[in-house]
1. Need pairs with beta-carbon distance below 7 Å; first residue in contact (Cβ under 8 Å) with a residue 40 or more places away in the chain and within segment 7-33, second of a type in the set (Val, Ile, Thr) and open to solvent by 30 Å² or more (accessible area, probe 1.4 Å); sequence gap 6+ or separate chains.
2. Leu7 is checked against (1) buried (at least 18 other Cβ atoms within 10 Å of the Cβ); (2) of a type in the set (A, V, I, L, M); (3) touching a Ser or Thr at 6+ places or on another chain (Cβ under 8 Å); (4) under 30 Å from Lys144 (Cα atoms) and fails just one. What number does that condition carry?
3. Just the residues that are over 17 Å from Ser262 (Cα atoms) and outside any loop (DSSP other than H, G, I, E, B), please, taken from segment 200-210.
4. Report every pair of residues separated by at least 6 positions or lying on different chains whose Cβ atoms are under 6 Å apart, first residue within segment 136-155 and touching a residue at least 60 places away in the same chain (Cβ under 8 Å) and farther than 13 Å from Ile174 by Cα, second polar (S, T, N, Q) and open to solvent by less than 10 Å² (accessible area, probe 1.4 Å).
5. Of the residues that sit in segment 180-198 and are assigned to a helix (DSSP H, G or I) and touching a Leu at 6+ places or on another chain (Cβ under 9 Å), which one is surrounded by the most Cβ atoms within 10 Å (Cβ to Cβ)?
6. With the structure loaded, tell me whether Leu300 is over 30 Å from Ala254 (Cβ atoms) and open to solvent by less than 60 Å² (accessible area, probe 1.4 Å) or whether it fails that test.
7. Mind checking which helices (runs of 4 or more DSSP H) fall wholly inside segment 1-61 and carry at least 2 residues that are under 30 Å from the mean Cα position of the chain (by Cα) and of a type outside the set (Ser, Thr, Tyr)?
8. Can you tell me which residues in segment 245-269 are of a type outside the set (A, V, I, L, M) and either under 15 Å from the mean Cα position of the chain (by Cα) or open to solvent by less than 40 Å² (accessible area, probe 1.4 Å) (or both)?
Amino acid sequence: MTFPSKLEIPREVLNIAKKLEDAGYETWCVGGAIRDTLLGAPHNDFDLTTAAPPPEVQKLFKRTVPVGIEHGTVAVLDAHNQPHEVTTFRKDIKTDGRHAVVEFGVSLIDDLARRDFTINAIAYHPLKHEWRDPFEGALDLEKKLIRSVGDPNWRFQEDYLRALRFSARFEFRIHARTLEAAKANAQGLGQLSAERVRDEWFKGIQTAVRVSKLLALWMDVGAARIWLPEIGRGWEEGKKQLDKLPRDPVLITAFLATDPASLLTRLKAANRDIERGRAIGKWRDRYPDAKHPAVIRHWLAQVGESVDDLLTLAPDGVAKAVTAIRATNPPLGLKDLAVKGDELIAAGVRPGPDVGEVLKRLLGEVLDDPDKNTKEYLLSRV
């Protein structure tokens, strides 16, 4: 792969780099934006790495946020209040697979050497238009290869999950030694926080060309066995449907899991997402008979807000029939009835639980036949 002579860097990033360079601090663009630019893929902001220690970055710029200052990262806010991350050159002294102890005051090459994969260890100088690629990341981009920088057994355990995500996103293969190390160190994934694993799994679903490829990788290295045990080998039976589903991480996780709520709870998903998964697990095998409108209306009344998720997963015939019924906007809840509680009391129903019971009974009749949803008819049934 031949490097372009010049990259289009946002003016705000150039201004930050120039101020650091003018103060005598070597500064380079690094990270995913460099990789994605070389691949012609969409990307977010360009991150900067610099020789300036974090306190110097804070002194040079009026508005900063210490987003990860213990690891050397300071966010510099531009005139539009947008943050741009600036990280001091650093190298790892030791790591336990979750956290690293870093040392500042090192070179750009030392900094690139601590990065996870060669394709993420490429630097571009935004002012001099020079490139640094000491680990042949550009060649790996050309080969469509995910390869660890240095000894893959020493890399962060998190990086293995990133390897799976990148492989599925770019449809790159994983270098043999990197893949072997991932499998050999799979048990170390148990040390990771649930939030970290959830983020990698969810991001992987959102960015993979084929979710089936992502899941196959998680299965292969043993990550699914540790963190996604509710997804069994039987998932391959729904492989075609899986790759056609919307890239909704909660929906796809629930589709794959035998017990969606348990899996989402383990991943410390938001309560609303856990409840979405619970509803999908409860109703996905209880679709209504597409030939009976009344049965469909009763089903709609029961599943409530979960209907859209369930229709996404439903067989075509059921989905069409349910969609046709929904288009008629039938009364499905107590609030849709033509009579209210106070009208039942006025008609002689005893205040209290009896009112609720009568309303439920009347709703049942209306679900059977929506034409009965008139005040005259319903009061005649009290």
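1. Matching pairs, first to second residue: Leu7/Thr37.
2. Among (1) buried (at least 18 other Cβ atoms within 10 Å of the Cβ); (2) of a type in the set (A, V, I, L, M); (3) touching a Ser or Thr at 6+ places or on another chain (Cβ under 8 Å); (4) under 30 Å from Lys144 (Cα atoms), the lone unmet condition for Leu7 is (1).
3. Quick first cut of segment 200-210, residues over 17 Å from Ser262 (Cα atoms) only: 200, 203-210.
Scanning segment 200-210 gives Glu200, Lys203, Gly204, Ile205, Gln206, Thr207.
4. Between residues of segment 136-155 that are touching a residue at least 60 places away in the same chain (Cβ under 8 Å) and farther than 13 Å from Ile174 by Cα and residues that are polar (S, T, N, Q) and open to solvent by less than 10 Å² (accessible area, probe 1.4 Å), the close pairs are Gly137/Thr118.
5. First, pick out the residues of segment 180-198 that are assigned to a helix (DSSP H, G or I): 180-184, 186-191, 194-198.
Going one step further and asking which of them are touching a Leu at 6+ places or on another chain (Cβ under 9 Å), we end up with 182, 189, 194-198.
Values: Ala182: 27, Leu189: 22, Ala194: 13, Glu195: 11, Arg196: 17, Val197: 21, Arg198: 21.
My answer is Ala182.
6. Working: over 30 Å from Ala254 (Cβ atoms): no; open to solvent by less than 60 Å² (accessible area, probe 1.4 Å): yes.
No, not satisfied.
7. Here the list reads 11-22, 32-39.
8. Let us first name the residues in segment 245-269 that are of a type outside the set (A, V, I, L, M), namely 246-249, 253, 255, 258-260, 262, 265-266, 268.
Passing the criteria: Pro246, Arg247, Asp248, Pro249, Thr253, Pro260, Lys268.
The values are calculated or read from the model by the stated rules, or taken from the named source; none is laboratory data. None of these values were measured; they are calculated from a predicted model. For neighbour counting, all protein chains shown are included, and Cβ atoms are generated from backbone atoms with ideal geometry for every residue, glycine included. All accessible areas refer to the heavy atoms of the entire protein, side chains included, with ligands and DNA or RNA removed. Shrake-Rupley method; radii C 1.70, N 1.55, O 1.52, S 1.80 Å.
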